[in-house]
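The values are calculated or read from the model by the stated rules, or taken from the named source; none is laboratory data. No experiment lies behind these values; they were computed from the predicted model shown. With ideal geometry, Cβ positions are generated from the backbone for all residues, glycine too; neighbour counts draw on all protein chains shown.
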Amino acid sequence: MDDDLPRPRGDAASLLAKEALDSYSVDELNERIQLLESEIMRIVAHRDKAKAHRVAADALFGGSAETPVTEKPPTRPGLEER
């Protein structure tokens, strides 16, 4: 399955971080923030599901989970000012 292959270093998040934002309007920036926040929530949910799966496997087969499961990412100052 292709999902199992390692991603190249210049993935989509890296490309987004390099993009100039000067041409975006405030509304476009707010829309972009909402889309990115939704993507962050999706990634966090997937990560937490993977960690829970790991904890369950460790409980069944022995071993220990590396880090505890967290429920939400840290907040960023200024995001709630939209």
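Scoring Ala45 on the criteria (1) part of a loop (DSSP other than H, G, I, E, B); (2) surrounded by 11 or more Cβ atoms within 10 Å (Cβ to Cβ); (3) at pLDDT 90 or above leaves a single failure, condition (1). With respect to being surrounded by fewer than 10 Cβ atoms within 10 Å (Cβ to Cβ), at pLDDT 95 or above, in a loop (DSSP other than H, G, I, E, B) and of a type in the set (Asp, Glu), Asp22 fits the description. Residues in segment 51-62 that are of a type in the set (A, V, I, L, M) and exposed (fewer than 11 other Cβ atoms within 10 Å of the Cβ): Leu60 only.
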